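Student: My structure is below; once you've seen it, I'll send some questions.
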Amino acid sequence: MFGKKTEQKSYDPAVKEPMIRASICNNEQVAGFKNLQTGAFEEIMLIRNESDLDSFRKQYGLTGKITKFY
C-alpha cells in the first residue's frame with residue numbers, strides 16, 4: 001500500500017541501447033544507455049544486486065537480456 005512507486009521513464013531505442021558496464025578488476029556494475037551514434041555511455045544507476053537490476057528494468061520498461069560490456 002505504501003510501497004515505493006517507480007516512475008516509468010522512456011528512452012529512444014533508435015538512438016540508445018540499454019547496457020551494463022562491468023569492471024573486470026572489482027566487479028562493479030553500472031546500468032545505463034549507450035548512444036548508438038557516438039558510442040558514449042550514460043550512467044543511470046549502480047547495480048549491486050539483482051534487485052537493483054530489476055528496478056532499472058522497471059524504470060524503463062525493459063524486457064529481455066541487457067548486454068554487458070567490460
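The values are calculated or read from the model by the stated rules, or taken from the named source; none is laboratory data. Since this is a predicted model, take the numbers as computed values, not measurements. Cβ sites come from the backbone with ideal geometry, for glycine too, and all protein chains shown count toward neighbours.
Student: Name the single residue that is modelled with the lowest pLDDT among those in region 1-43 being in a loop (DSSP other than H, G, I, E, B) and of a type in the set (Val, Ile, Thr).
Tutor: Thr6
Student: Also, quick follow-up: Spot the failing condition for Thr63; the list is (1) exposed (fewer than 14 other Cβ atoms within 10 Å of the Cβ); (2) of a type in the set (Ser, Thr, Tyr); (3) in contact with a Pro (Cβ under 7 Å, 6 or more places away or on another chain), and only one is missed.
Tutor: Here Thr63 meets the rest and fails (3).
Student: Give the residue that is surrounded by the fewest Cβ atoms within 10 Å (Cβ to Cβ), with candidates limited to residues of region 48-60 that are farther than 11 Å from Pro18 by Cβ and hydroxyl-bearing (Ser, Thr, Tyr).
Tutor: Going through the qualifying residues, I end up with Ser51.
Student: Give the residues of region 19-70 that are among the basic types (Lys, Arg) and in contact with a Lys or Arg (Cβ under 7 Å, 6 or more places away or on another chain), sorted by residue number.
Tutor: Lys34
Student: Right, next: Pairs please, first residue from region 28-42 and within 12 Å of Thr67 (Cβ to Cβ) and free of Cβ contacts under 8 Å to residues at least 40 places away in the same chain, second anywhere and among the polar types (S, T, N, Q) and surrounded by fewer than 16 Cβ atoms within 10 Å (Cβ to Cβ), Cβ atoms under 7 Å, 6+ apart in sequence or on different chains.
Tutor: none
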